[in-house]
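What follows is one structure encoded as structure tokens, with my remarks underneath.
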């Protein structure tokens, strides 16, 4: 009888371990990046499964009325030539009078900050067309306020791969700064991207 109970405990333990492994595998697959071909330019694009989302802290607004910043790393492959980009999209749950995807003003410089250091990137003047794309990297949010694209060097990519920034700031031509803090960041999104593109550290 004791042997039977021991065998049953071992069986249950094995099943629990298997269940944990299956769930971990499912989570990894959920964070596998999105791959597609641009319909107009035929550029192959690989995008993080979900962007890192940062929120603008404004105590004068209600909790459900915020400005957000989506940040994601994108790989483009044009006839074997690969390039990496940081795609940044601002959006909001507040009412705006200006049109969505506003291109009347130039995109902002982006400043990504970690404890003790930061990375500042200049935007591509022609936005997504500089990356060879005709469509946004992400279909949501549809009500985007502004989209910008920033070319990444190998060193820039390595810094982003190591850890998501603590805060992200947008600096306009007049020097005005908007600083966004972490709202929802999933490190697995970057891990999946690096595995799929084989762009992680060797």
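State whether the residues of the range 187-194 include one that is surrounded by fewer than 16 Cβ atoms within 10 Å (Cβ to Cβ) and in a loop (DSSP other than H, G, I, E, B). No, the conditions are met nowhere in the range 187-194. In this structure, is residue 173 touching a residue at least 40 places away in the same chain (Cβ under 8 Å) and over 16 Å from residue 71 (Cβ atoms)? Spelling it out, residue 173 is indeed touching a residue at least 40 places away in the same chain (Cβ under 8 Å) and over 16 Å from residue 71 (Cβ atoms).
Within the range 161-177, the set of residues being closer than 30 Å to residue 194 by Cα and touching a strand residue (DSSP E or B) at 6+ places or on another chain (Cβ under 7 Å) comprises 163, 164, 165, 166, 167, 168, 169, 170, 171.
Only a single criterion out of (1) surrounded by fewer than 17 Cβ atoms within 10 Å (Cβ to Cβ); (2) farther than 13 Å from residue 38 by Cβ is not satisfied by residue 134, namely (2).
Taking the criterion of being within 27 Å of residue 39 (Cβ to Cβ), at pLDDT below 95 and buried (at least 18 other Cβ atoms within 10 Å of the Cβ), would at least one residue in the range 150-166 satisfy it? No.
The lone criterion from (1) at pLDDT below 75; (2) closer than 22 Å to residue 190 by Cβ; (3) part of a loop (DSSP other than H, G, I, E, B) left unmet by residue 49 is number (1). Looking at 109, 90, 76, just one residue is within 23 Å of residue 31 (Cα to Cα) and modelled with pLDDT of 95 or more, and that residue is 76. The condition of being more than 15 Å from residue 75 (Cβ to Cβ) and assigned by TED's automatic domain parsing to the domain that holds residue 82 holds for only one of 141, 151, that being 141.
Please indicate, with yes or no, whether at least one residue in the range 153-160 is more than 15 Å from residue 119 (Cβ to Cβ) and free of Cβ contacts under 8 Å to residues at least 60 places away in the same chain. Looking through the range 153-160, none of the residues is more than 15 Å from residue 119 (Cβ to Cβ) and free of Cβ contacts under 8 Å to residues at least 60 places away in the same chain.
The values are calculated or read from the model by the stated rules, or taken from the named source; none is laboratory data. Values in this document were obtained by computation on a predicted structure and should not be read as measured data. Neighbour counts run over all protein chains shown; Cβ positions are idealised from the backbone, glycine included.
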